[in-house]
Amino acid sequence: MDQTVVELLERNADHAEEFGDRFDDVQDSQRPAVVTVCCADSRVLQDQMWENDKPGHVFTCANIGNRVCQRTDAGEVVSGDVLYPIAHTDTETAVVVGHTGCGAVTAAYDAISGDGAGEPAGIEHCIGLLTPHLEAGVEALPADVRRTEAIDRLVEYNVDRQVAALVESEDVPDSVDVVGVVYDFQDVYTERRGEVHVVNVDGETEVDALRNTHSEIAARIERRWEY
């Protein structure tokens, strides 16, 4: 057996020992307070970033590029995995979690710029879902922008577009709060690696307006770039 699997199972034994009785209240149903849409990047610690150790509290979705939409015969719609807790478990908060240096955003940027390399069909499909949302953001980049800064600008832009998709969807009730954040582990916002920065709330992106409206989290509201 691969040693990685052995280690995972050993850690799971420790998990089961510690968490066994924490499932008592959620064995038969779930009512998560929030659905998070994270990028499926191994550096994005999806529960640990909130110090979440409570089963049933966070409904976590993950995909490359923290996308909230999928394509169907009816056109582009909110993904079922994101919509499920909103539609069926009375979840009234959705958080889109982008991250600095995102590889999916980088791939979309390269595809839009004409520099993309060929990828397996499954990856091409996922990047193809992302690129239409980023094209205007790529066009708005300064002509002399460095590549690393371009990516991090587009990370914020992508979060905005995903928030907009949720806010504008008829399938997401107006009562649902939609928050966009960026998880920073590359010292882009501060030197506190792993800190989450709020960049968008229900479509509002202007920092002063956000801080005035949400004074209780004012210290965590930050944008690096505007479009």
Gly180 vs (1) among the small types (Gly, Ala, Ser); (2) closer than 24 Å to Thr72 by Cα; (3) crowded, with 19+ Cβ neighbours inside 10 Å: all pass except (2)
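With respect to Asp81, determine if the residue is within 27 Å of Glu204 (Cα to Cα) and without any contact (Cβ under 8 Å) to a residue 24 or more places away in the chain.
Numbers: within 27 Å of Glu204 (Cα to Cα): yes; without any contact (Cβ under 8 Å) to a residue 24 or more places away in the chain: yes.
Yes; evaluated as a whole, the condition is true for this residue.
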I'm checking my understanding of the structure. Among residues of segment 7-60 that are within 21 Å of Cys102 (Cβ to Cβ) and in a helix (DSSP H, G or I), which one is most open to solvent (accessible area, probe 1.4 Å)?
Gln48
Got a sec? Which strands (runs of 3 or more DSSP E) wholly within segment 62-164 have at least 2 residues that are of a type outside the set (Gly, Ala, Ser) and in contact with a Phe, Trp or Tyr (Cβ under 6 Å, 6 or more places away or on another chain)?
93-99
Any residue in segment 176-201 that's acidic (Asp, Glu): show its pairings with residues that are open to solvent by 10 Å² or more (accessible area, probe 1.4 Å) and modelled with pLDDT of 95 or more at Cβ separation under 6 Å, as long as the two are six or more apart or on different chains.
Asp177/Thr93; Asp184/Glu195
Which condition number does Thr72 fail, the rest of (1) of a type in the set (S, T, N, Q); (2) farther than 23 Å from Gln27 by Cβ; (3) at pLDDT 95 or above being met?
(3)
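The values are calculated or read from the model by the stated rules, or taken from the named source; none is laboratory data. Please read these numbers as outputs of a predicted model, since none were measured by experiment. Using ideal geometry, Cβ is built from the backbone for each residue, glycine included, and neighbour counts are taken over all protein chains shown. When the accessible area is computed, the model is the full protein with side chains, heavy atoms only, and any ligands, DNA or RNA have been set aside. Shrake-Rupley method; radii C 1.70, N 1.55, O 1.52, S 1.80 Å.
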